[in-house]
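Below is one structure, written out as structure tokens; the observations come after it.
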Amino acid sequence: MSDTESSRVGNPVVLRMDGISKSFPGIRALITVDLEVRAGQVHAIVGENGAGKSTLMRILNGVYQPDEGKIELDGVVVRLTSPIEAKKHGIAMVYQELNLVPDLTVAENICLGATPAIGGFVRRGEQRAEAERVLSQLDAGVNPDDVVGTLSVSQQQIVEIAKAYRSQPRIVVLDEPTSSLSEHEVQAMFRLVRRLRDKGAAVIYISHRLREVLEIADQVTVLRDGRMIESRPIAGITTADMIRLMVGRELTDIFPKREVEIGDPVLKVSGLSRAGAFHDVEFEVRSGEILGMAGLVGAGRTEVARAIFGLDRSDSGTVTLDGQERTIQSPAEAVRTGIAYVPEDRKRDGLVQQMSIRDNITLAILPSLASAGWIRAGEQQRLAVEKATAMTVNPPVVDRNVDTLSGGNQQKVVLAKWLATKPRVLILDEPTRGVDVGAKSDIHHIIGDFVAQGTAVILISSELPEVIAVSDRILVLHEGAISAVLPRGSSEQDVMRAATGEVEQ
């Protein structure tokens, strides 16, 4: 442990949550949880989906009231009855889903809710100066005059943190702050987190990316099934230790690789181009193969996938499936052709949140379940139960609304929907983003079943260990073009060199 790390161990306790319990109808979400957070530290909270992390943070933010227990700030017991009350006590929350107004500037977003004004008129010079001051303190490197909607996801995340930091909070809670960022952009985020810590803020850091926790945190608390299992300094703990504490068992293979025979080419893409997005993209993927697709955010990975699936038009190039050239101009045509696409934003693009698990699973194959315009309800129910069970959706109650499920179970429903179409090619865009380690393992076992049946899989992921562990080959994009095609067993350094353009074309 360095001298700096040693000094942080003795920092004053700014937050103490003692014996926090919370129940909902039929669910004990938290059971006598204790949490102690010190000023000038990054305190990570880890656990599977459903472990109680979000409930605990919503209690801290005044969204929920605990059934039992107390909260102390600087040794004084407080009652946090609302997010406004929490903010008054110096608690700032930055949620995974960003809460910005895309049509306003960075300065307008940072000052939103407390805009400098006189007589009903905004003092724009003062507003800009205030935003510039906050951004400068955080060494953020974002222009206060830029419109937020034109920024990258990582820059928007920085603006969200700057907005929270403006009130000079004592406690900053970051919920999955890097879930939409590439490995390269994560480091920029870490510089910002360390800046917050070094200014004396207590940073509560929630993440499923355990390697990041090891890199950024000073202390880690593990929750499981609503209970606090262990809280300890990060020094000496390993990823395997955290996984064992989180799931209550050894989980040595988060990204299992199923060995299957790779067959003939199923999908071939030639000269695919779209102005401003990607150009001259060429590759093929074979039966039983997982082709990884890596690159920094903005490299064109998702854009290529969307063009193949008919969501976006390409300017030129061809897509060939099983030796036959196809013109795919819509997702419906792609599905009929045998191509399925699991999008990176499951809540926005992958599911209809207010519909049931059953309706979501059968959404892509409804015509095959209809007679004379009427859905054959019994067949729909049977198929939904079969697919939900195969995907280990928990709970497998297909009448339940999908928005009541955890992130990992929602992702399994998306996979079940596309499994029902019996695709020849399955494109997975960030398939394990925002899900816990147990769900990650489940999802990759499911992917292994897909390829064992002869499906060709394209896997897009910003998590390099995931791409490297399961891919048979890795296609790396840089600024819209293929910079390298790497063999199985390539290192993270190999991938990053290609992703940053440091290899010969």
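Counting just the residues of region 455-491 that are in a loop (DSSP other than H, G, I, E, B) and in contact (Cβ under 8 Å) with a residue 60 or more places away in the chain, which one comes out surrounded by the most Cβ atoms within 10 Å (Cβ to Cβ)?
Ser471
List the number of the failed condition for Ala129; all other conditions in (1) assigned to a loop (DSSP other than H, G, I, E, B); (2) surrounded by fewer than 18 Cβ atoms within 10 Å (Cβ to Cβ) hold.
Condition (1) is where Ala129 drops out.
Scan region 280-295 for residues that are surrounded by fewer than 22 Cβ atoms within 10 Å (Cβ to Cβ) and either among the small types (Gly, Ala, Ser) or modelled with pLDDT under 95 (or both) and jot them down.
Correct list: Ser287 only.
Residue check: is Glu386 within 24 Å of the chain's Cα centre (by Cα) and within 30 Å of Ser441 (Cβ to Cβ)?
The answer is no for Glu386.
May I ask you to say which residue of Val398, Val413 is more than 30 Å from Leu267 (Cα to Cα), surrounded by 14 or more Cβ atoms within 10 Å (Cβ to Cβ), in contact with a helix residue (DSSP H, G or I) (Cβ under 6 Å, 6 or more places away or on another chain) and among the hydrophobic types (A, V, I, L, M, F, W, C)?
Going through Val398, Val413 in turn, the sole match is Val398.
Quick check on Val435: is it touching a helix residue (DSSP H, G or I) at 6+ places or on another chain (Cβ under 8 Å), in a loop (DSSP other than H, G, I, E, B) and of a type in the set (A, V, I, L, M)?
yes
Yes or no: region 214-222 includes at least one residue that is within 23 Å of the chain's Cα centre (by Cα), buried (at least 18 other Cβ atoms within 10 Å of the Cβ) and free of Cβ contacts under 8 Å to residues at least 24 places away in the same chain.
no
Can you tell me which residue within region 324-349, out of those that are β-branched (Val, Ile, Thr) and assigned to a helix (DSSP H, G or I), is surrounded by the fewest Cβ atoms within 10 Å (Cβ to Cβ)?
Ranking the candidates gives Val335 first.
Report yes if some residue within region 357-377 is in a loop (DSSP other than H, G, I, E, B) and closer than 30 Å to Ala275 by Cα; otherwise report no.
Within region 357-377, none of the residues are in a loop (DSSP other than H, G, I, E, B) and closer than 30 Å to Ala275 by Cα.
Inside region 376-393, can you point out the residues that are surrounded by 14 or more Cβ atoms within 10 Å (Cβ to Cβ) and not hydroxyl-bearing (Ser, Thr, Tyr)?
Selection gives Glu379, Gln380, Gln381, Leu383, Ala384, Val385, Glu386, Lys387, Ala388, Ala390, Met391, Val393.
Pick out, from region 214-289, the strands (runs of 3 or more DSSP E) lying fully within it that include 2 or more residues that are β-branched (Val, Ile, Thr) and assigned by TED's automatic domain parsing to the domain that holds Val485.
Qualifying strands (runs of 3 or more DSSP E): 265-274, 278-286.
Which condition breaks for Arg358 when tested against (1) under 30 Å from Gly489 (Cα atoms); (2) in contact with a helix residue (DSSP H, G or I) (Cβ under 7 Å, 6 or more places away or on another chain)?
Answer for Arg358: the failing condition is (1).
Contact list please: Cβ distance under 8 Å, first residue in region 377-388 and farther than 14 Å from Thr421 by Cα, second residue of a type in the set (Val, Ile, Thr) and surrounded by fewer than 20 Cβ atoms within 10 Å (Cβ to Cβ), pairs at least six apart or on different chains.
Hits for this filter: zero, empty list.
The values are calculated or read from the model by the stated rules, or taken from the named source; none is laboratory data. Bear in mind that the values here come from a model prediction, so they are computed numbers and not experimental data. Methodologically, a virtual Cβ is constructed for each residue, glycine included, from the backbone with ideal geometry; neighbour enumeration extends over all protein chains shown.
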